[in-house]
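Below: the structure, in C-alpha cells.
The values are calculated or read from the model by the stated rules, or taken from the named source; none is laboratory data. The structure presented is a predicted model; accordingly, all values stated were derived computationally and were not measured. Cβ placement follows ideal geometry from the backbone for every residue including glycine, while neighbour counts extend to all protein chains displayed.
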Amino acid sequence: MDSTIAAILVQDGIVNGAIYALLALSLVLVFAVTRVVFVPQGEFVAYGALTYAALDTGTLPGSLWLLAGLGAAAFLAGLAQRRPIFGLALSSLVLPAAIIATSWLLVPSKPGILANALLSLAIVTPIAPYIYRIGFQPLAEASVLVLLIAAVAVHLALMGLGLVFFGPEGSRASAFSAASVSVGDFSLSGQALWILGLTGALMIGLYGFFGFTLLGRALRATAVNRLGARLVGIGTAQSGSIAFTLAGAIGALSGILVVPLTTVYYDSGFVIGLKGFTAAIIAGMASYPGAVLAAVLVGVLESFSSFWASAFKEVIVFTAIIPVLLWRSLRHAAIEDDDE
Amino acid sequence: MSVLSVEKLAVSYGAIPAVEDISLVVPEGGLVTVIGPNGAGKSTLLNAIMGVLPSRGAIRFLDRDLGGMPVEARVHLGIALVPEKRELFATLSVADNLLLGGFRFGRRHAGDELDRVYGLFPRLRERHRQPAGTLSGGERQMLAMGRALMGKPRLLMLDEPSLGLAPLIVRDIFRIIADLRATGVAILLVEQNARAALRVADRGYVLETGRVTLEGEAKTLAADPRIVEMYLGVASG
C-alpha cells in the first residue's frame, strides 16, 4: 500500500464518515429528547435515496402514497389524542395533499437537482413526526426498553412498507456535479465535496439552532430535565415531534447525498443507520462532538478494512463497538454497584 | 374572585391515600400558606394542582376547570410551580434557564422580564453565563423562582423555598416573597418553616397526614395555642 492508496482510503472514509456523523447526531438528539433509540433512522435514508432517485428519472416516487397514508393514520391518532382538529388536519391531511399536488405538477418536467432534493426532503421528512404521533407519543411515559421495542417494530414495518412502495429493485441517481478537483495525484469527486460541504453546513446550522434559538434551547432543556421542561410549558409531545422531524430530515438528506455514490435498495438503510448508531454508541449516546468524531473514525475504519479484508468489512466495523462497550462498562461499574 | 379554588381534592399513590378531602381557596393577589410536618402531603397537593400527579376532586383556576389538563397547558394558562427539587436545566446557562421560563410567550417579551427578574435577584445577573448546575443552593432557589416569574404567572406556587438554605438566605427569600405579592401575583406557599410562612401570609391551612386540620387568618393561626405548641415552639413571640 502506498501513500496514494492511503489518501484515497482516508478520503473515502471521511466522506462516508460524514454521512454516519449526520445519522449519529440525529440518533443522539432523538434519544436525548425522547429516550427513543431511533432504529428506523436507516429507513429514512433509504426513503430519501429512493425518492430522490425516482424524481431524478422523472417519475413519481411511491413514498408520496406512503406519506398520504401515514398522514391519514396520524390524523386518526391525533383525533384519538383529542388534539385541536384544525391544526391536526393542516399538518396531517392538507400538507401531504399539497406535497403530492406539487410533485404531480413539477416532476414530469424534471425540474433539476435542487428542486428534486428539496422535494425529496419535503416528501420524506413529515413521515417522521407522523410516526412519532402514531407510535411513540402514546408511549411517552414508558421505559426505555419498551420504547426500544416499539422502535424495532417501527423499523420492521417501515422496511416492509419500503418494499411495497418502492419495489425490490435498487436505484442510483446521477451525481450532483461531474466536476472533480485534483491536487497532484489526489482527486476529490464533486459528489464528495457536496457531501462534506452540506454536512459541515448542516452541523453549523444545528449548532446555531441549539445554541441561539428558543426552540433549540427548549429541546436541550427537555433532554436535561423533562419535568423542568414541562413546568415552563414545553410539551413533551411538541419537543418529541420536533426531534423526530429533524431526525427524519437528516436521514432523508443523507439518503439523497448517498444515492449518487451507490445503489440503494429498500433495505439498504439499516446497515448505513447501524454505522451511525455505532458512532453514537461510542460517544455514549450523549455527546454531539464525540458522535461526529466517532463517525469519522467508523468511516475510515470501514474503508481501510474494505481494502485489506473486504469480506470482513462489516464484521470489523461492528466489532469495534465491543472494546468501547467493555471500556464504558468498566468505567461505570462503580455507579451500578451503588444502585444495588 | 378567587384565582384558585380546590374542592375535595384527593390523591393516592396506588392504594395508599396521600391527601384526602382537601378544599382551599387562593384569592386574587392573596398569599396563602399551607404548613404542616414532613410527609403531611404538602408537595403532593401542589403537584396535583400543577397536574404532575393525577387527582380526584375539582381544581378551578380563574373559574376554569383544570380536570385532566396536562402540565404544560396549565403553565400556558398562567400557573407556575417552583418545585421542591428546583428541576433546573443544569447544563444550560442561568440566562438560558430564565429565557426558557418565558417559553409560553415566545422570545419577544424576554428583555423587560429578564431585567425585572435580575432586579429581584441581582446575584443571577452576576452569574448569567454560568451553567445552572454550578450554582449554590440559595442561588438555585433564586433561579427556580426567577424562571417561574419569567412566565408572568397569575398563580405562583412555591414548594418549600427555604428548604436546606442558610438562615440569612432564608430571610432573603421570604423578603422576596413579600415583594412579589406586592406586584399582584397570587401565591400559594408550602412551608415547614411555619413561623416565617405565617408572618408573610394572609391565610393559612394546616395539613396533617393528608387532611386539613386547621385553617384561618395567618395572624389567628400564629396565635393559636395548638400551632404555637406544635410548629412555632415556646420561644415564639
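Miscellaneous remarks
- Condition check for B:I173: under 30 Å from B:Y118 (Cβ atoms), in contact (Cβ under 8 Å) with a residue 40 or more places away in the chain and crowded, with 18+ Cβ neighbours inside 10 Å: no
- Residues in the stretch A:211-222 that are of a type in the set (A, V, I, L, M, F, W, C) and either surrounded by fewer than 19 Cβ atoms within 10 Å (Cβ to Cβ) or at the interface with chain B (Cβ under 9 Å from one of its Cβ atoms) (or both): A:F212, A:L214, A:L215, A:A218, A:A221.
- Of all residues in the stretch B:193-232, those satisfying the criterion of being of a type in the set (G, A, S) and surrounded by 18 or more Cβ atoms within 10 Å (Cβ to Cβ) are B:A194, B:A196, B:A197, B:A201, B:G204, B:G210, B:A218, B:A222.
- Residue ID - nearest to the chain's Cα centre (by Cα), chosen from residues in the stretch B:151-169 that are among the hydrophobic types (A, V, I, L, M, F, W, C) and at pLDDT below 95: B:L163
- Condition check for A:A243: part of a helix (DSSP H, G or I) and either in contact with a Leu (Cβ under 6 Å, 6 or more places away or on another chain) or within 14 Å of chain B (Cβ to nearest Cβ) (or both): yes
- Scanning the stretch B:37-73 for residues that are of a type in the set (D, E, K, R), more than 10 Å from chain A (Cβ to nearest Cβ), without any contact (Cβ under 8 Å) to a residue 60 or more places away in the chain and over 16 Å from B:E20 (Cα atoms) yields a count of 3.
- Applying the criterion of being of a type in the set (S, T, Y) and over 17 Å from A:P323 (Cβ atoms) to the residues of the stretch A:254-302, the residue that is nearest to the chain's Cα centre (by Cα) is A:S254.
- Residue check, B:T33 in contact with a Phe, Trp or Tyr (Cβ under 8 Å, 6 or more places away or on another chain) and either more than 9 Å from chain A (Cβ to nearest Cβ) or of a type outside the set (S, T, N, Q) (or both): yes
- Scanning the stretch B:124-152 for residues that are farther than 29 Å from B:L77 by Cα and either without any contact (Cβ under 8 Å) to a residue 40 or more places away in the chain or buried (at least 24 other Cβ atoms within 10 Å of the Cβ) (or both) gives B:E126, B:R127, B:R129, B:Q130, B:T134, B:S136, B:G137.
- Residue within the stretch A:112-120 that is in contact with a Ser or Thr (Cβ under 8 Å, 6 or more places away or on another chain) and of a type outside the set (D, E, K, R) present: yes
- When A:A279, A:A252 are checked against the criterion of being away from chain B (no Cβ under 14 Å), modelled with pLDDT of 95 or more and either assigned to a helix (DSSP H, G or I) or within 24 Å of B:A80 (Cα to Cα) (or both), A:A252 stands alone in meeting it.
- Filter result for A:I272 (touching a residue at least 24 places away in the same chain (Cβ under 8 Å), closer than 25 Å to A:R35 by Cα, out of contact with any Lys or Arg (no Cβ under 9 Å at 6 or more places or on another chain) and part of a helix (DSSP H, G or I)): yes
- Being farther than 30 Å from B:A194 by Cβ, out of contact with any strand residue (DSSP E or B) (no Cβ under 7 Å at 6 or more places or on another chain), within 12 Å of chain A (Cβ to nearest Cβ) and surrounded by fewer than 24 Cβ atoms within 10 Å (Cβ to Cβ) is not true of B:G111.
- Top-ranked residue of the stretch B:90-108 - restricted to ones that are more than 7 Å from chain A (Cβ to nearest Cβ) and crowded, with 22+ Cβ neighbours inside 10 Å, ranked as nearest to A:G216 (Cα to Cα): B:N97
- Failed item, numbered, when A:A178 is tested on (1) at pLDDT below 90; (2) within 14 Å of chain B (Cβ to nearest Cβ); (3) not in a helix (DSSP H, G or I): (2)
- Helices (runs of 4 or more DSSP H) fully within the stretch B:119-237 counting 1 or more residues that are in contact with a Pro (Cβ under 8 Å, 6 or more places away or on another chain) and farther than 27 Å from B:E28 by Cβ: none
- Among residues of the stretch B:74-89 that are farther than 20 Å from B:G138 by Cβ and within 9 Å of chain A (Cβ to nearest Cβ), those with a Cβ under 7 angstrom from a residue that is modelled with pLDDT under 95 and not in a loop (DSSP other than H, G, I, E, B), sequence gap 6+ or separate chain, pair up as B:V75/B:R104; B:H76/B:R104.
- First in the stretch B:196-224 and among the basic types (K, R), second anywhere and assigned to a helix (DSSP H, G or I), Cβ under 8 Å, 6 or more apart: B:R199/B:F174; B:R199/B:A218; B:R199/B:A222; B:R203/B:A218; B:K219/B:L198
- In the condition set (1) more than 20 Å from the chain's Cα centre (by Cα); (2) within 20 Å of B:M50 (Cα to Cα), B:G102 is compliant with all but (1).
- Identity of the residue in the stretch B:52-81, among the basic types (K, R) and surrounded by fewer than 15 Cβ atoms within 10 Å (Cβ to Cβ), that ends up farthest from B:E7 (Cα to Cα): B:R64
- Residues in the stretch A:107-145 that are touching a helix residue (DSSP H, G or I) at 6+ places or on another chain (Cβ under 9 Å) and more than 30 Å from A:A80 (Cβ to Cβ): A:V107, A:K110, A:P111, A:I113, A:A115, A:N116, A:A117, A:L119, A:S120.
- Restricting the stretch B:139-170 to residues that are of a type in the set (D, E, K, R) and within 21 Å of B:N38 (Cα to Cα), the residue that is nearest to the other protein chains (Cβ to nearest Cβ): B:D159
- Breaking point among (1) in a strand (DSSP E or B); (2) within 19 Å of A:L23 (Cα to Cα); (3) not β-branched (V, I, T), for A:L193: (1)
- A search for C-beta distances below 8 Å between a residue of the stretch A:225-238 that is more than 7 Å from chain B (Cβ to nearest Cβ) and any residue that is surrounded by 19 or more Cβ atoms within 10 Å (Cβ to Cβ) and in a loop (DSSP other than H, G, I, E, B), counting only pairs 6+ apart in sequence or on different chains, returns A:A229/B:F89.
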